[in-house]
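Undergrad: Please read through the structure below; I'll follow up with questions.
The values are calculated or read from the model by the stated rules, or taken from the named source; none is laboratory data. On a predicted model such as this, the values are computed, not experimentally measured, just so you know. Virtual Cβ from ideal backbone geometry, glycine too; neighbours counted across all protein chains shown. When the accessible area is computed, the model is the full protein with side chains, heavy atoms only, and any ligands, DNA or RNA have been set aside. Shrake-Rupley method; radii C 1.70, N 1.55, O 1.52, S 1.80 Å.
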Amino acid sequence: MCGIVGYIGTEDAKEILLKGLEKLEYRGYDSAGIAVATEEGVHVFKEKGRIATLREVVDQGVKSTVGIGHTRWATHGEPSKVNAHPHQSESSRFTIVHNGVIENYEQLKRDYLQAVTLQSDTDTEVVVQLVERFVHEGQSVEAAFRHTLSLLKGSYAIALLDKKDTDTIYVGKNKSPLLVGVQDGVNVVASDAMAMLQVTDQFLEIMDEEIVIVTKDDVTIKTLDGTAVSREPYTAELDASDIEKGTYPHFMLKEIDEQPFVIRNIIQKYQNEDGSVRLDEDIRQAVMEADRIYIIAAGTSYHAGLVGKQLIENFAKQPVEVHIASEFLYNMPLLSKRPLFIFISQSGETADSRGVLVEVKKLGYKALTITNVPGSTLSREADFTLHTHAGPEIAVASTKAYTAQMAVLTLLAADTAKAKGIDLGFDPIQELSIVANAMETLCNQKETLEKIARDYLAVTRNCFFIGRATDYFVCLEGALKLKEISYIQAEGFAGGELKHGTIALIEEGTPIVALATQEHVNLSIRGNVKEVAARGAFPCIISIEGLNEEDDTFVLPKVHSHLTPLVSVIPLQLIAYYAALHRGCDVDKPRNLAKSVTVE
Ligand code: F6R
């Protein structure tokens, strides 16, 4: 979702801001802009569409060493040049970029800005107009900025330029991600460290309801009441090459291919020298003390949570509920006496999950976050974090983060089982190594999977994925992958559920992808395939060695029966990838979607 960058130093700010915005493209956006300050004033360049379009309108003749930039994912007001950020105050003294949602912007307009003609439909413009109003009333810029932020309800990461003081960027944050990067004689602002790795790997975390006054040589953090805060920077352990595509045509394909490596990396990070699973004692203790685990997540991470429930219940005999983050607070279940909340989130920034975490902490319960971004909001605000070590995931469609989440959940479940004295009868680390090898085999079968995508999905308008038991959860994920990047209407169903209504949608040639990796439901899912085939469906059966039959379309290498989701999802990811490619879709940046969903 929206991303912001800022730069103040000695180099050409335009290029650094544009490069920074390119690094934020993966978050999803529909317009972009930058503002750079010179002695003559602040120059704003913005356009609807891609950064490449913005580049074309940026006047290379404007020389500046300070500026702010923004990618916008429309919430208030359609995607357009007018609604794109930066926005300026009425006199154009102040220029702002903002990520988040100001929930009370209508109220603020009525209370403070009746006399101002707003130029855009955005909630953001209200903020910059308020700063100008308070400055006109005699407040210093810093005081006006703090006053404005104290009136805002909702989420924001904001950067503000003042044309009368072009040596300063004012920054503020609440609920939306924001970092300030520091370096000798140059400082930067970014929603995400990746955007400014080009300048520094030293970053300061900014907490909610703090502002930062950023100059070339100094960074001052204050609370909204003006109290100074001191904080040491940390080193962002990111490899700049991780965020390049290299020779791959798309990040999604690169990330699919990285999965065997990610699983081996997880094994390495969570393995003791004697080969046993290594987890923090505190985490083990928290899981053991819980009488019920509540997994909270969204989208693909929710699908990993469904598999996690099976793993924890089967291995550790601990009851687990899985909830969609955006619904949890409205449909709150009766909680057990000693709940433990597990938040699963690739980005660690999903606003829906964070909303639940905030409530859970208010109620005094313990929370563990499983995330790919350890310094993220969900990681910082939970009691414990398990890192998925998948490396930056740039493609909007999540692939390696999903399998990494399931691998970490496998280790958590196995570790809990061991702590409870339950003998699993197998070595989880050994089984994950087998999974990594199987993933490698599957990643080498791209031609076959491309052909399947062509045969089944080249012209269809819809597709159903069916499976039973754990396969059903992977079907939900397979359908999500396909629909989000190829725009084919795809739905995952429990094999037995189709006949209770959805079978009415089956027509001559409707593709049905069926997963058959679970022995105890193998016969019944094959029965379900026959039901739909008898009604004209075009079945694509993906089975596993040992359960395969002659006419199966694709056969997976054998892995432990509880770990099949980690391998059965790979052909589904690749089929979705090739289907999207054949249809000419923008695989890495599907329409309407954002990588990091920072609004509720
Ligand atoms: C789908 C996808 C989304 C995310 C969801 C949660 O490919 O990526 O469904 O899984 O938006 O995001 P995180 O995991 O960052 O909380």
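Undergrad: Sequence-distant or interchain residues sharing an amide H contact under 5 Å with SER31, placed H: which?
TA: Distant-sequence amide H within range of SER31: GLY49, ARG72.
Undergrad: What ranking of ASP167, ASP12, ASP588 comes out by heavy-atom accessible area, probe 1.4 Å, highest first?
TA: On the way: ASP167 105, ASP12 55, ASP588 15 Å².
So, going from the largest accessible area down, we get ASP167, ASP12, ASP588.
Undergrad: Continuing with this model, one more query. Karplus couplings for the stretch 523-528 from phi (6.51 cos²θ - 1.76 cosθ + 1.60, θ = phi - 60°), rounded to Hz, Gly and Pro as x?
TA: Values per residue, Gly and Pro as x: 5, 5, 5, 5, x, 5 Hz.
Undergrad: Using only the alpha-carbon atoms, how far is helix 141-151 inclined from the longest principal axis of the chain? Give it as 0 to 90 degrees, nearest 10.
TA: Its long axis makes an angle of about 40 degrees.
Undergrad: With an 8 Å cut-off on Cα pairs and a minimum separation of 6 or more residues, tell me the relative contact order of the stretch 3-238 in percent. Don't skip to the answer; put the middle values down first.
TA: On the way: 577 pairs, mean separation 46.7, N = 236.
Rounded, it is 20 percent for the stretch 3-238.
Undergrad: Under the definition of Cα pairs under 8 Å and six or more residues apart, what whole-number percent is the relative contact order of the chain? It would help to have the intermediate numbers written out before the result.
TA: Values: 1338 pairs, mean separation 71.9, N = 600.
Computed value for the chain: 12 percent relative contact order.
Undergrad: With angles folded into 0 to 90 degrees, how steeply does helix 564-582 sit against the dominant principal axis of the chain? Use alpha carbons for both and round to 10.
TA: That helix lies at roughly 60 degrees to the long axis.
Undergrad: Taking a probe of 1.4 angstrom, what is the accessible area of ASP280 in Å², to the nearest 10?
TA: 100 Å²
Undergrad: Then there is this: Taking the Cα atoms only, what angle lies between the long axis of helix 124-136 and the longest principal axis of the chain, rounded to 10 degrees?
TA: Helix 124-136 sits at roughly 20 degrees to that axis.
Undergrad: Right, something else. What whole number of Å gives the distance from the Cα centroid of the stretch 116-153 to the Cα centroid of the stretch 324-390?
TA: The stretch 324-390 and the stretch 116-153 have Cα centres separated by 33 Å.
Undergrad: Once the whole set of protein chains is in place, how much accessible area is left on LEU335, using a 1.4 Å probe, in Å² to the nearest 10?
TA: That residue has around 50 Å² of solvent-accessible surface.
Undergrad: Moving to a separate point now. Would you compute, from DSSP H runs of 4+ residues alone, the mean residue ellipticity of the chain at 222 nm, taking -39500 (n - 2.57) per run and dividing by the full residue count, rounded to the nearest 500?
TA: Calculated mean residue ellipticity at 222 nm is -11000 deg cm²/dmol.
Undergrad: Let me ask something else. Which residues' amide hydrogens lie under 5 Å from the amide hydrogen of ASN174, considering only partners 5 or more residues apart or on another chain, with H built in the peptide plane?
TA: TYR156, ALA157, GLU209
Undergrad: If you put +1 on each Lys and Arg Cβ and -1 on each Asp and Glu Cβ, how big is the dipole of the chain around its Cα centre, in Debye rounded to 20?
TA: Here the chain has a charge dipole of around 960 debye.
Undergrad: What pairs in LYS81/LYS361; LYS46/LYS173; LYS222/LYS361 have C-alpha atoms more than 29 Å from each other? Intermediate results must be reported in sequence, preceding the final value.
TA: Details: LYS81/LYS361 40 Å; LYS46/LYS173 23 Å; LYS222/LYS361 24 Å.
Among LYS81/LYS361; LYS46/LYS173; LYS222/LYS361, the Cα-Cα distance tops 29 Å for LYS81/LYS361.
Undergrad: For the stretch 103-192, what's the relative contact order in percent, using C-alpha pairs closer than 8 Å and at least 6 residues apart?
TA: Values: 93 pairs, mean separation 17.3, N = 90.
Here the relative contact order equals 19 percent.
Undergrad: Now for a separate question. Report LEU17's accessible area, 1.4 Å probe, all protein chains in place, as a number in Å² to the nearest 10.
TA: In the full protein context, LEU17 sits at about 0 Å².
Undergrad: So how strong a dipole does the stretch 104-148 carry about its Cα centre when Lys and Arg Cβ are +1 and Asp and Glu Cβ are -1, to the nearest 20 debye? Write down the numbers at each step before the final one.
TA: Working: 4 positive and 8 negative charges, 24 e Å.
Approximately 120 debye in magnitude.
Undergrad: Something else: Which whole-Hz couplings ³J(HN,Hα) result when phi for each residue of the stretch 160-174 is put into the Karplus expression 6.51 cos²θ - 1.76 cosθ + 1.60, θ = phi - 60°, listed in order with x for Gly and Pro?
TA: Along the stretch 160-174, the couplings run 10, 10, 10, 5, 8, 8, 7, 9, 9, 10, 9, 10, x, 8, 8 Hz.
Undergrad: Roughly what % antiparallel, to the nearest 5, for the DSSP beta bridges in the chain? Don't skip to the answer; put the middle values down first.
TA: Working: 63 of 102 bridges.
About 60 percent, rounded to the nearest 5.
Undergrad: If you don't mind, there's one more thing I want to ask. Probe radius 1.4 Å, ligands and nucleic acids left out: which of ASP471, ASP239 has the largest accessible area, and how do the rest follow?
TA: Working: ASP471 0, ASP239 80 Å².
Accessible-area ranking of ASP471, ASP239, largest first: ASP239, ASP471.
Undergrad: Any of LYS48/LYS216; LYS14/LYS216; LYS337/LYS595; LYS19/LYS595; LYS418/LYS481 with alpha carbons more than 24 Å apart? Name them for me.
TA: On the way: LYS48/LYS216 31 Å; LYS14/LYS216 16 Å; LYS337/LYS595 35 Å; LYS19/LYS595 18 Å; LYS418/LYS481 34 Å.
Cα-Cα > 24 Å for LYS48/LYS216; LYS337/LYS595; LYS418/LYS481; rest within.
Undergrad: Once the dipole of the chain is set up with Lys and Arg at +1 and Asp and Glu at -1 on Cβ about the Cα centre, which of HIS43, GLN107, LEU424 lies farthest towards its positive end?
TA: GLN107
Undergrad: Among 43-51, 116-124, how do they line up by average Cβ neighbours within 10 Å per residue, starting with the highest? Walk me through the intermediate numbers first.
TA: Numbers: 43-51: 19.6, 116-124: 17.2.
Packing order, densest peptide first, comes out as 43-51, 116-124.
Undergrad: Given the C-alpha centroids of the stretch 196-223 and the stretch 507-585, what is the distance between them in whole angstrom?
TA: 50 Å
Undergrad: Rank these residues by their accessible area, most exposed first, probe 1.4 Å: HIS85, HIS560, HIS500. List each step's numbers first, then the result.
TA: Values: HIS85 5, HIS560 40, HIS500 130 Å².
Result, largest first: HIS500, HIS560, HIS85.
Undergrad: List every residue whose amide H lies under 5 Å from the amide H of HIS323, counting only residues 5 or more places away in sequence or on a different chain, with H placed 1.01 Å from N in the peptide plane.
TA: ILE295, ILE296, ALA297
Undergrad: Roughly how many percent of the accessible protein surface of the chain is carbon and sulfur, given a 1.4 Å probe and a whole-percent answer?
TA: Details: 10800 of 23050 Å².
Of all accessible area on the chain, carbon and sulfur atoms account for 47 percent.
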